[in-house]
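The values are calculated or read from the model by the stated rules, or taken from the named source; none is laboratory data. Here the structure is a predicted model, which means the values were calculated and not measured. Cβ: placed from backbone, ideal geometry, glycine included. Neighbour counts: every protein chain shown.
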Amino acid sequence: MTLGQTSLEEIFETQIRTLALTLRPGTVDNYRYMTRRFLSYLRSHFPQLRQISELRRDPHLLGWFRWLSEQQPPPCNKTRIGHLFRLRRLLDDLAFNGQPIQRDLIRGEDFPPEPRYLPRPLSLQEERLLQRELRRTGDLYANALLLIRATGIRVGECRDLPLDCLRQVGSKEWALHVPLGKLHTERLVPVDPEARRIVERILTLRSSLPATRLANSQGFLLPRRRDTRNAIVKTLRSALDQAAKRAGCFTHVTPHRLRHSFATEMLRLGASLPALMKLLGHKDVHMSLRYVQVTQQDLQREFHQARQNAVHSHHLPTLAVPKEIPSADLPGVCQALKATRHLLEMYRRQQTNEKRQRRLQCLDKRLLNVALELQRIQTEGK
């Protein structure tokens, strides 16, 4: 690199500092981590690359894509999508600001398919076992986990709940005030008397703690042992994991699965999709629609159970088929055509091949048109 040239590291860092003016600190850290990995790859595989104008889709970008997928263990598709999205954002912004960068270095076909995970609510048996164990434990963090299950809030939102999180919104209606969280939004989540009692128990347990435990917790419902927000989340995860093991749960339980259980229960009880979006704090309806797919399993189970419990089968009414050929007049032809259509429909319903069923439906439509035409002829002849 000659005197006066700016290194790739300096170019990318300058742009990241610009992004830091509007993005959250955690998001900025993700940009820096991705940039370090990308530039480290370029230094090791293309040491002759010195200027950003020399950057090419092939071999530089395509080589990095292959390098990412060949790591052991390989990063999941969601991680790779994040890396590609951030690098494309940086390259586009640099090009907009006048850097000599080629266009279309990263294209849509470079992104791997996005994983579509369904929510994993707890089974009814696991629900009973876990809630019984959390109530039996009864400490501060057990009650915080019960509050997550009762309201469907995220574990990070529970961590940041204020002391006055309970708000009266009507003569007998109360709600939990969830402050700005993951999606930069705040909301009021309706609560029932049980959720209010859980908050009151947390406040009582909190008041019995020594002053040293509350030194860094002014204004927060949950005390902070150290001056860090992530310590509470780790403590809640650990407390839930231990409670689930003591309760004998069959699967791994995380705080987010309590949120999934809340959402699934709300749908089963009849909550609408827009209401569920408000309760969970979703911005995109597609996130809430995943819970509808979960409850589809319940629908399938109840449908097949109802079929098995059916005692009497329901037979379609039969149409008498003439044993002899009707007279060769219009009424006789109409009668024979009606019987033929009935037999054809009975035969169609016995078929399991969808293609054959559709062909038989087409034939029935033709016979119907013939029958209608015969009726017109019969009407005109009167």
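Annotations for the structure displayed:
- When L279 is tested against the conditions (1) in contact with a strand residue (DSSP E or B) (Cβ under 9 Å, 6 or more places away or on another chain); (2) modelled with pLDDT under 85, the lone failure is (2).
- Within the span defined as the stretch 249-257, one or more residues are of a type in the set (V, I, T), surrounded by 13 or more Cβ atoms within 10 Å (Cβ to Cβ) and not in a helix (DSSP H, G or I).
- Evaluation of L84 against (1) surrounded by fewer than 19 Cβ atoms within 10 Å (Cβ to Cβ); (2) outside the structural domain of Y291 (by TED's automatic domain parsing) (one fails), failing number: (1)
- Conditions (1) in the same structural domain as Y291 (by TED's automatic domain parsing); (2) basic (K, R); (3) within 21 Å of the chain's Cα centre (by Cα); number of the one not met by R116: (1)
- Of all the listed residues (L166, L209, L161), the sole one being assigned by TED's automatic domain parsing to the domain that holds K278, over 19 Å from L280 (Cβ atoms) and touching a strand residue (DSSP E or B) at 6+ places or on another chain (Cβ under 9 Å) is L166.
- Screening the candidates L68, L39 for the property of being in contact with a His (Cβ under 7 Å, 6 or more places away or on another chain) and closer than 18 Å to L105 by Cα yields one hit, L68.
- Of the numbered criteria (1) free of Cβ contacts under 8 Å to residues at least 24 places away in the same chain; (2) closer than 30 Å to R237 by Cβ; (3) within 27 Å of the chain's Cα centre (by Cα), the one Q72 fails is (3).
- Given (1) surrounded by 15 or more Cβ atoms within 10 Å (Cβ to Cβ); (2) outside the structural domain of L205 (by TED's automatic domain parsing), index of the condition L176 fails: (2)
- Criterion violated by R80 - all others in (1) touching a Ser or Thr at 6+ places or on another chain (Cβ under 8 Å); (2) touching a residue at least 40 places away in the same chain (Cβ under 8 Å) satisfied: (2)
- Residue check: Q131 meets all listed conditions (1) outside the structural domain of L258 (by TED's automatic domain parsing); (2) assigned to a helix (DSSP H, G or I) but one, namely (1).
- Within the stretch 359-382, residues that are free of Cβ contacts under 8 Å to residues at least 40 places away in the same chain sit with their Cβ atoms under 9 Å from residues that are assigned to a helix (DSSP H, G or I) and among the polar types (S, T, N, Q), at 6+ positions apart or across chains, in these pairs: L367/T340.
This table checks each residue for (1) buried (at least 24 other Cβ atoms within 10 Å of the Cβ); (2) among the aliphatic types (A, V, I, L, M); (3) at pLDDT 95 or above; (4) out of contact with any Cys (no Cβ under 9 Å at 6 or more places or on another chain).
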residue: E127; (1), (2), (3), (4): no, no, no, yes
residue: L130; (1), (2), (3), (4): yes, yes, yes, no
residue: R135; (1), (2), (3), (4): no, no, yes, yes
residue: P162; (1), (2), (3), (4): no, no, no, yes
residue: R167; (1), (2), (3), (4): no, no, no, yes
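- Cβ-Cβ under 9 Å pairs, at least 6 apart or on other chains, the stretch 260-279 side free of Cβ contacts under 8 Å to residues at least 24 places away in the same chain, far side polar (S, T, N, Q) and surrounded by 15 or more Cβ atoms within 10 Å (Cβ to Cβ): L273/S288; P274/S288; L276/S288; M277/S288
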